[in-house]
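Here the structure comes first, spelled out in structure tokens, and everything after it is commentary.
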Amino acid sequence: MTDNPWNVLTLLVLVSFVLWRIVHSLRRSDEPSLLLKKWGGTVILVGIGIKANLALLGAGGYTAGFGVPIVTAGIAIPLSILWASSWGEMLSSPLTALFDGGNTKEEAKPLYAIAEARRKRGRYQEAIDEVNKQLETFPGDLNGTLLLVDLYARDLKQMPFAQEATESFLSHGPHHPKNSFLALAHLADAYLTHASDREQAQKCLERVLVLCEGTEQELMAAQRLAHLTSNEQLEANAAPKRVALQQYERKLGIRTSPRIIRPKQKSAEQLANEYIQQLEAHPLDLEARENLARLYADHYGRLDMAIEQLETMVNFRNQSPRQIVRWLNIMADLHIKVEGNIGNAKACLERICQSYPNTAHAAQANKRIHLLMLEKKGRHQ
């Protein structure tokens, strides 16, 4: 057989294909050691079968006619047992791919269904035990931590354990800033809602400023701190609800004109002072700064001071494009509304096109640029 070069070449190709197939299957297998044992057993069985059949064929006659099929069957039976599970998976994979999208390796994930079921039945300690079992396998899992905080804070009113669960999550870091923010913000909400403890909630949000410095989550935490519920509001929420009844109109049918009731409104000066004081305490309060900018433009006619406040927000680090585009559009609004200056409004919109080319923001800004003249006429009318 080896005297013919074509036979040698065919044998080499066959051996190379088998070796490539073995290596390829080992790389893709979830259990390479088990697969390697299967391939080893297959090579041994096939080698024994080939050697035995060659010996029978050499004998010829009656021995070869009955011996070769028997030997082949004797090798095929253990091979089929050895590879039964793999062949079944291979044959069924085209059908299962129609439903699961193909043979993809699923990532192991924690399961909290049992814990949720125990919680709904009021078996809170058993639910906590189930969550802790999952967290032993998946330490630092955010969903499990949030569930554990809810169990301790909302159901058992044990805030120290809720704090401990959050600390355990943070100790398995570093985490993505988004996850750190969600964990600490959730704990802050628990302190406010279930313990009426504003100081601890404030400490949680201040930790976000440190852990998520220079990220969008830092700004989000700053907004929460700027509008954190006061102690007076917490006391009012805990107190029984009372509705104060006012004196009703006794001679309503005799009045010649309707009685107009107007809510008390703060003056522009009072609002400006409140916004300025708020920004002194919380410089990252976007809502107060935007309101102050509108007040400067609408009431005082100071477009320069309004633009200064808006530019300050645009230059804040790690602002989202959506917010920046919104503030540049507000600048364009104020340029047309206060001064009717189309050139400056166009310059604000062109900044959007330059900062975010080939985006929906740029397309909308470019469309508005072509309609600025009509927008100005509409405002004056």
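The values are calculated or read from the model by the stated rules, or taken from the named source; none is laboratory data. Since we're looking at a predicted model, the values are computed, not measured. We place every Cβ from the backbone using ideal geometry, glycine too, and count neighbours over all the protein chains shown.
Right, N318: touching an Asp or Glu at 6+ places or on another chain (Cβ under 7 Å), under 23 Å from L225 (Cα atoms) and either assigned to a loop (DSSP other than H, G, I, E, B) or free of Cβ contacts under 8 Å to residues at least 40 places away in the same chain (or both) or not? It is true that N318 is touching an Asp or Glu at 6+ places or on another chain (Cβ under 7 Å), under 23 Å from L225 (Cα atoms) and either assigned to a loop (DSSP other than H, G, I, E, B) or free of Cβ contacts under 8 Å to residues at least 40 places away in the same chain (or both).
Put simply, of I336, I352 the only residue that is closer than 30 Å to K377 by Cα, of a type outside the set (F, W, Y) and in contact with a His (Cβ under 8 Å, 6 or more places away or on another chain) is I352. Here is the figure for region 269-315: residues that are under 18 Å from R224 (Cα atoms) and small (G, A, S) total 2. Could you tell me which residue of region 143-161 is nearest to H175 (Cα to Cα), considering only residues that are touching a Lys or Arg at 6+ places or on another chain (Cβ under 9 Å) and buried (at least 17 other Cβ atoms within 10 Å of the Cβ)? So, considering only residues that are touching a Lys or Arg at 6+ places or on another chain (Cβ under 9 Å) and buried (at least 17 other Cβ atoms within 10 Å of the Cβ), the one nearest to H175 (Cα to Cα) is L147. Taken together, E213, E199, E232 contain a single residue that is out of contact with any Pro (no Cβ under 8 Å at 6 or more places or on another chain), exposed (fewer than 15 other Cβ atoms within 10 Å of the Cβ) and closer than 23 Å to T312 by Cα, which is E213. Report yes if E290 is surrounded by 15 or more Cβ atoms within 10 Å (Cβ to Cβ) and out of contact with any helix residue (DSSP H, G or I) (no Cβ under 6 Å at 6 or more places or on another chain), otherwise no. Yes.
Screening region 111-142 for residues that are within 24 Å of H194 (Cα to Cα) and among the hydroxyl-bearing types (S, T, Y) and picking the one that is surrounded by the fewest Cβ atoms within 10 Å (Cβ to Cβ) gives Y124.
Scanning region 105-122 for residues that are in a loop (DSSP other than H, G, I, E, B) and under 14 Å from G144 (Cβ atoms), we see that the one that is modelled with the lowest pLDDT is A108.
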